[in-house]
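Peer 1: Could you have a look at this structure, given as structure tokens, before my questions?
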Amino acid sequence: MGADARRQSEEGRTAAADLLHGGRFGIGGVARPVLPASWIAFDAEIRRSHSPWFPGPRGAARIEVRLCHPDGRVREAALQDPKPPLPLVAIRCADWAPAVRERARRVLAGALAARPADTLIGLTPLVLRLGGREQGAWALELFETALRAPEPVLAPYWRPARPARWGRAAKPARSMTGEEPDTVLGWLRRSGDLPTRRFATRITLGAGLFGVRELARRAGREQDPATARLWADAALAALAADGPDDEAIDSLLRGHMPMVRAGGVTALRRAGRCAEAADHLADPSGLVRACARWLVKQDGSDPYALCRALVEDPARLTGHAVTGFAECARRADAPLLRALLVHPAGAVRAAAVAGLRTLDTTDVDLLRPLLDDPSAAVAREVAVSLAQGAARLPADWLLERIASDRPVHTRRAAYRVLHARAGVVGLRASVELLADADPGLRRLAVQRVQSLWSPYGPPALPLCDPQVGALLDRCTDLFSDDVMGRMRSQLGIPRAVSGRTGY
């Protein structure tokens with residue numbers, strides 16, 4: 001469960017507890033749950049807090065509490081209320097008691113018939129979550145049928161344009177989504193709830209509401225990867241069926257998501273625009289760069305020569321161009337990458353370090369000074385490269401770089417190399433950082449010290465080493481007495497003398 005879902009669940013449980021203690025929904029009272037996870041947690045908390053031997057708290061008579069009551073007869077009777085809360089009615093549509101379930105379904109179907117737009121917009125996110133329950137498919141099928149109807153459900157605030165007549169000025173259409181007509185399906189496609197947006201997108205694609213250009217435009221501007229994949233796949237299928245469309249391909253090439261741009265690059269071949277593939281050899285995404293190299297090769301050109309030309313041209317040199325060159329370079333090209341280690345741009349230096357590692361031509365002596373680089377990206381890449389040969393680096397030199405007077409990114413990079421070195425030196429570095437002022441380093445040190453313990457074998461530390469025992473004495477708060485005792489026993493180190501006496 002993510003942090004957002006935990007926050008929603010906590011809101012629902014808090015609302016349930018406050019309501020059971022005599023609170024009320026509304027202004028100045030208990031905040032009503034709004035999001036799907038909040039209503040689900042609200043229902044679960046009401047049932048958990050009810051005891052069959054206790055008559056009930058002060059708020060037990062409220063309709064919201066009765067709809068979540070453990071007794072099915074109470075829940076069924078609560079559904080006869082003139083205006084039951086529709087989110088709880090939707091939850092009761094998946095109830096385990098058949099009588100409750102059938103009555104709730106009649107209430108929800110009536111609400112959908114009376115106010116289709118408000119019901120669909122307000123309850124679709126919740127119904128999608130309930131669809132995975134044993135009895136939750138009914139409401140989902142009901143909503144999907146309503147959204148797939150030939151006559152679209154208009155949004156609540158949609159007003160068509162009104163022409164000027166009888167002395168009244170013309171009024172433009174009022175649309176909350178920018179579409180005309182403004183439909184509920186359009187609202188759901190713009191929902192901030194990702195499952196709802198994907199659900200509405202699948203319905204839209206199934207209905208075939210948009211042409212290839214609109215499909216590509218929506219794929220290009222979509223921020224959610226799963227939804228962008230749906231739009232892009234539909235656009236590429238339309239391009240394959242109906243033939244190339246330059247405007248649609250351009251929309252895909254400008255897409256936010258790498259998979260969308262990659263689809264646009266592959267579509268260039270059928271459009272007879274293979275020459276444009278060279279423009280994407282320095283794309284930020286490795287997927288797009290790979291597709292561009294494939295298309296260049298299909299066109300009869302050499303992607304290696306084009307990538308090298310990008311790196312050798314100062315006007316077109318970028319970090320992504322260096323990375324793309326390293327992906328198709330040979331070990332003989334290592335001198336060109338080494339020359340870029342002194343480039344003024346930090347992104348280019350970092351990409352050069354990573355490229356040398358890709359070619360397996362890492363020079364420890366050459367990279368050591370770059371651990372102190374002012375660019376955090378460079379220091380991070382150097383740490384990854386030096387970690388492979390950490391045992392060849394002086395321990396004191398590395399320990400100097402985790403001192404508090406060093407930049408944070410330098411300290412983190414040096415600590416990464418020290419941890420890769422392991423042994424007593426790695427443990428000493430971790431213990432030194434347990435009380436560090438930087439919370440990130442402190443948390444990382446705690447995690448790495450605690451990772452020493454395994455029930456399947458001793459820690460990777462020297463046996464019977466007094467220095468190891470002294471370092472373990474400084475981190476006793478991170479382990480229970482039993483775990484610390486077992487670690488010491490495995491390492492052949494005497495247990496620390498306890499200050500407690502007697503029983």
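Peer 1: Go through the residues of the range 218-233 one by one and say whether even a single one is within 17 Å of residue 254 (Cβ to Cβ) and either free of Cβ contacts under 8 Å to residues at least 12 places away in the same chain or in contact with an Asp or Glu (Cβ under 7 Å, 6 or more places away or on another chain) (or both).
Peer 2: yes
Peer 1: Answer yes or no: is there a residue in the range 221-230 that is open to solvent by less than 20 Å² (accessible area, probe 1.4 Å), over 19 Å from the mean Cα position of the chain (by Cα) and at pLDDT 95 or above.
Peer 2: no
Peer 1: Turning to a different aspect of this structure: From the set of residues in the range 14-51 that are among the charged types (D, E, K, R) and modelled with pLDDT of 90 or more, which is least open to solvent (accessible area, probe 1.4 Å)? Spell out the reasoning first.
Peer 2: So the first thing to find is which residues in the range 14-51 are among the charged types (D, E, K, R), and the list is 18, 24, 32, 43, 45, 47-48.
Going one step further and asking which of them are modelled with pLDDT of 90 or more, we end up with 43, 45.
Numbers: 43: 2, 45: 24 Å².
Checking each candidate, the answer is 43.
Peer 1: Would you point out which residue out of 337, 317 is part of a loop (DSSP other than H, G, I, E, B), under 35 Å from the mean Cα position of the chain (by Cα), aliphatic (A, V, I, L, M) and closer than 30 Å to residue 274 by Cα?
Peer 2: On the way: 337 fails: part of a loop (DSSP other than H, G, I, E, B).
The match here is 317.
Peer 1: Do we find that residue 472 is of a type outside the set (Lys, Arg), open to solvent by less than 20 Å² (accessible area, probe 1.4 Å) and under 27 Å from residue 357 (Cα atoms) in this structure? Steps first, please.
Peer 2: Working: of a type outside the set (Lys, Arg): yes; open to solvent by less than 20 Å² (accessible area, probe 1.4 Å): yes; under 27 Å from residue 357 (Cα atoms): no.
No: the conditions fail for residue 472.
Peer 1: Additional query: Identify, by number, the condition in (1) surrounded by 12 or more Cβ atoms within 10 Å (Cβ to Cβ); (2) of a type outside the set (Ser, Thr, Tyr); (3) under 25 Å from residue 391 (Cβ atoms) that residue 457 doesn't meet.
Peer 2: Of everything listed in (1) surrounded by 12 or more Cβ atoms within 10 Å (Cβ to Cβ); (2) of a type outside the set (Ser, Thr, Tyr); (3) under 25 Å from residue 391 (Cβ atoms), residue 457 misses just condition (1).
Peer 1: While we're here: I need the full set of residues from the range 88-111 which are under 33 Å from the mean Cα position of the chain (by Cα) and open to solvent by 10 Å² or more (accessible area, probe 1.4 Å), in order please.
Peer 2: The one that is under 33 Å from the mean Cα position of the chain (by Cα) and open to solvent by 10 Å² or more (accessible area, probe 1.4 Å): 94.
Peer 1: Name every residue in the range 193-215 that is assigned to a helix (DSSP H, G or I) and either in contact (Cβ under 8 Å) with a residue 40 or more places away in the chain or open to solvent by 60 Å² or more (accessible area, probe 1.4 Å) (or both), in order of residue number. Lay out the reasoning, then the answer.
Peer 2: Keep residues of the range 193-215 that are assigned to a helix (DSSP H, G or I), which gives 194-207, 212-215.
194, 195, 196, 198, 199, 200, 202, 203, 206, 207, 213, listed by residue number.
Peer 1: Moving on to the next point. Would you be able to say whether some residue in the range 113-125 is of a type in the set (D, E, K, R) and open to solvent by 30 Å² or more (accessible area, probe 1.4 Å)? Break it down into steps so the answer makes sense when it comes.
Peer 2: First pass over the range 113-125, keeping only residues of a type in the set (D, E, K, R): 115, 118.
Right, trim to open to solvent by 30 Å² or more (accessible area, probe 1.4 Å) and you get 115, 118.
Yes, some residue in the range 113-125 is of a type in the set (D, E, K, R) and open to solvent by 30 Å² or more (accessible area, probe 1.4 Å).
Peer 1: Residues of the range 225-250 being farther than 17 Å from residue 209 by Cβ and in contact with a Lys or Arg (Cβ under 9 Å, 6 or more places away or on another chain), which ones? Spell out the reasoning first.
Peer 2: So the first thing to find is which residues in the range 225-250 are farther than 17 Å from residue 209 by Cβ, and the list is 225-226, 228-229, 236, 239-240, 243-247, 249-250.
Of everything in the range 225-250, those that are farther than 17 Å from residue 209 by Cβ and in contact with a Lys or Arg (Cβ under 9 Å, 6 or more places away or on another chain) turn out to be 226, 228, 239, 240, 243, 244, 245, 246, 247, 249.
Peer 1: Ok, one more. Just checking, how many residues over the range 283-297 are among the hydrophobic types (A, V, I, L, M, F, W, C) and either more than 16 Å from residue 257 (Cα to Cα) or in contact with a Ser or Thr (Cβ under 6 Å, 6 or more places away or on another chain) (or both)? Steps first, please.
Peer 2: Just the residues of the range 283-297 that are among the hydrophobic types (A, V, I, L, M, F, W, C), to begin with: 287-288, 290-292, 294-296.
This time we only want the ones that are either more than 16 Å from residue 257 (Cα to Cα) or in contact with a Ser or Thr (Cβ under 6 Å, 6 or more places away or on another chain) (or both), so: 291, 294-296.
The total comes to 4.
Peer 1: Continuing with the same structure: For residue 391, all conditions in the list (1) touching a helix residue (DSSP H, G or I) at 6+ places or on another chain (Cβ under 8 Å); (2) assigned to a helix (DSSP H, G or I); (3) closer than 30 Å to residue 288 by Cβ hold save one; what is the number of the exception?
Peer 2: The number of the failed condition is (3).
Peer 1: Restricting attention to the range 347-366, which residues are open to solvent by 20 Å² or more (accessible area, probe 1.4 Å) and either more than 19 Å from residue 393 (Cα to Cα) or in contact with an Asp or Glu (Cβ under 6 Å, 6 or more places away or on another chain) (or both)?
Peer 2: Passing the criteria: 347, 349, 354, 358.
Peer 1: Looking at 417, 446, 497 in this structure, which one is modelled with pLDDT of 90 or more and open to solvent by 20 Å² or more (accessible area, probe 1.4 Å)?
Peer 2: Numbers: 417 fails: open to solvent by 20 Å² or more (accessible area, probe 1.4 Å); 497 fails: modelled with pLDDT of 90 or more.
After applying the criteria, what remains is 446.
Peer 1: Go through the residues of the range 258-265 one by one and say whether even a single one is at pLDDT 95 or above, surrounded by fewer than 23 Cβ atoms within 10 Å (Cβ to Cβ), within 31 Å of the chain's Cα centre (by Cα) and not small (Gly, Ala, Ser). Show your work before the answer.
Peer 2: Filtering the range 258-265 for residues at pLDDT 95 or above gives 258-265.
In the following step, the residues that additionally are surrounded by fewer than 23 Cβ atoms within 10 Å (Cβ to Cβ) were identified as 258-259.
Still in the list and also within 31 Å of the chain's Cα centre (by Cα): 258-259.
Now narrow it down to the ones that are not small (Gly, Ala, Ser): 258-259.
Taking every residue of the range 258-265 in turn, at least one turns out to be at pLDDT 95 or above, surrounded by fewer than 23 Cβ atoms within 10 Å (Cβ to Cβ), within 31 Å of the chain's Cα centre (by Cα) and not small (Gly, Ala, Ser).
Peer 1: Quick check, is residue 73 open to solvent by 60 Å² or more (accessible area, probe 1.4 Å), among the basic types (Lys, Arg) and more than 14 Å from residue 142 (Cα to Cα)?
Peer 2: On the way: open to solvent by 60 Å² or more (accessible area, probe 1.4 Å): yes; among the basic types (Lys, Arg): yes; more than 14 Å from residue 142 (Cα to Cα): yes.
Criteria met by residue 73.
The values are calculated or read from the model by the stated rules, or taken from the named source; none is laboratory data. Because the structure is a prediction, the values reported are computed rather than measured. Every residue, glycine among them, receives a Cβ derived from its backbone with ideal geometry; neighbour counts consider all protein chains shown. Remember, those area values only see protein heavy atoms, side chains included, never the ligands or the DNA or RNA. Shrake-Rupley method; radii C 1.70, N 1.55, O 1.52, S 1.80 Å.
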